[in-house]
Amino acid sequence: MEIQDLAKSVGGKLYGNVDFFSIDGFTGKFTFLNDAHTGDIVIRHWINATGIEMAFNKNIACLITQTPKDGAIETAERLNFPLIVTDKIELANAYALSHTIDKFSPNSTNIVITGTNGKSTTSHLIYHILKTAGYHVLTNTDSESEFNTLIDPMVSKLISDEVLENGELDYLVIEVSEVQGWLGNLMENHAALMTAAANPKVAVITNIAMDHIGLVNSIEDVFDEISTVPKAIGDGVCVLNHDDELVMKLDAQNPFYVSMSEIGNLNAVCYNGSEIVHDGKSILTAEELPFTGYHFIQNILSAVGTAISLGLDIETIRKGVKSYKALNRRFAKLNDSPLIYDDFAHNPDGIRATISETKKLLKDNQKMFVVCAIRGSRGVEINQLNVDALCESMDDNVELILSSSNDVVNELNIVTAEERDVFFNTLKENDIDFIHYETLKECLTETYQKADSDDIILLIGAQGMDPAESLLKDII
């Protein structure tokens, strides 16, 4: 690779040096500044003069950034160090992913999963099925969904590290955020960029719903972001949720449908209420499924549809699904008495679906406590949609408890006064009683002490609820 070609490919301007800095050129690895070694390329959303000096001392090949600050360009020129400045950091990270796959995993079969809800569970299920089948497989899915962006070169680093340590990959399962941005600015066509960079044989689109308020402001905006994904996979298979009206408006060249009812299409996998069926044949009965909530079965269908599209035999798929254990915070059972479930429900659809499924577990005289962490520093709009979803989900058997979780979140996730007020005001307008706690520890302690042994406690929310499991261990 020539550095001038690299700069052109990422839409960047080169400063400081007209060639790679390290003696042996570029190693082929894209990574972070702290982890970089001689000959690596670092991609950072912003860099200052101190960062340029660190890169110089580490003898890395070059550094790519979108935002040079505090004399970064001048320092690069003084040190004769190559700095590429691009207007869109996502172009650099998409290029890094494509280059990394070509160099380190050219023979792998790649799968991409995107959509508003269910990405992580679907990705992890596909990963588990393939791993159970004996393949060497890597996924970027983690329990907090932190590795699915084009803000940094995390996915590229994961791939190169895995291959260098454990050898060639058979499959790559890449979770892609349907909408992405930085500091309130939308990275347009993020999902399509990353999908194209991965060059997948199969892409899954779980659903299209509202999230990421501020980056997008309408469901039409979300649709526009996701609608370019089918084109990005070319003649690859596109696994589509037949039950989602907006997903069905997507123009996919080679669709494979999944549905919670029979749709009379041979190119589909469906759940008929008692079993998962494909081509008129039973694959798994309801009793064999690792979980039975509506939205979780939809995730299972997407994973099964992907496995079928990859050509895996039915017995291999059955074995993988039956042995699956859920990701952390994906309707995870934390306690039996009272029954405590924890779910990463952090947007309106997730809140509605999770509360609805939990209500189905209620028996006579049982009470349900919904403990919700308000989303901090995410804006009034998404919190308004979330509290609206809560209002729709409450009834006489459900008690609502809120937490600002000030004791466990960092400065990037602090609940603002405006975010708290939109929750309080909306609940009061809808005559819904609630209790609010500033700290998560007090919230969980009081709720646990309040609940009877046969009640159900449902924990929902994003960062503000993440430490709940560890806190509960001490409380219980």
On the given criteria, is ALA36 free of Cβ contacts under 8 Å to residues at least 60 places away in the same chain and touching a strand residue (DSSP E or B) at 6+ places or on another chain (Cβ under 6 Å)? yes
Considering every residue within region 274-288, establish whether at least one is out of contact with any Leu (no Cβ under 8 Å at 6 or more places or on another chain), surrounded by fewer than 20 Cβ atoms within 10 Å (Cβ to Cβ) and within 30 Å of ILE219 (Cβ to Cβ). no
Check ILE64, ILE73 and return the single one that is outside the structural domain of ALA198 (by TED's automatic domain parsing), over 27 Å from LEU169 (Cα atoms), of a type in the set (A, V, I, L, M) and in contact with a helix residue (DSSP H, G or I) (Cβ under 8 Å, 6 or more places away or on another chain). ILE64
Pairs returned, first residue in region 441-455 that is assigned to a loop (DSSP other than H, G, I, E, B), second residue that is among the hydroxyl-bearing types (Ser, Thr, Tyr), beta-carbon separation under 7 angstrom, 6 or more apart or interchain, are SER453/SER337
Exception for LYS360 within (1) within 23 Å of ILE476 (Cα to Cα); (2) surrounded by fewer than 22 Cβ atoms within 10 Å (Cβ to Cβ) falls at (1)
Yes or no: SER160 at pLDDT 95 or above and more than 19 Å from the chain's Cα centre (by Cα)? yes
Can you go through GLY273, GLY264, GLY293, GLY236 and tell me which one is in the same structural domain as SER177 (by TED's automatic domain parsing) and under 18 Å from GLY350 (Cβ atoms)? GLY293
Inspect region 327-339 for any residue being part of a strand (DSSP E or B), outside the structural domain of VAL222 (by TED's automatic domain parsing) and hydroxyl-bearing (Ser, Thr, Tyr) and give the result as yes or no. no
Consider SER403 against the criteria (1) exposed (fewer than 14 other Cβ atoms within 10 Å of the Cβ); (2) in contact with a Cys (Cβ under 9 Å, 6 or more places away or on another chain): it satisfies all of them except one. Which criterion is unmet? (1)
Let me confirm something: among ALA191, ALA197, ALA268, ALA252, which residue is more than 22 Å from the chain's Cα centre (by Cα) and crowded, with 22+ Cβ neighbours inside 10 Å? ALA268
Could you say whether any residue in region 144-158 is outside the structural domain of ALA36 (by TED's automatic domain parsing), touching a Phe, Trp or Tyr at 6+ places or on another chain (Cβ under 7 Å), in contact (Cβ under 8 Å) with a residue 24 or more places away in the chain and part of a strand (DSSP E or B)? no
Candidates ILE355, ILE317 - the one that is part of a helix (DSSP H, G or I), farther than 25 Å from ASP433 by Cα, over 19 Å from the mean Cα position of the chain (by Cα) and modelled with pLDDT of 90 or more: ILE317
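The values are calculated or read from the model by the stated rules, or taken from the named source; none is laboratory data. Being a predicted model, the structure only gives us computed values, none of them experimental. All Cβ positions, even for glycine, are placed from backbone atoms using ideal geometry, and neighbour counts span all protein chains on display.
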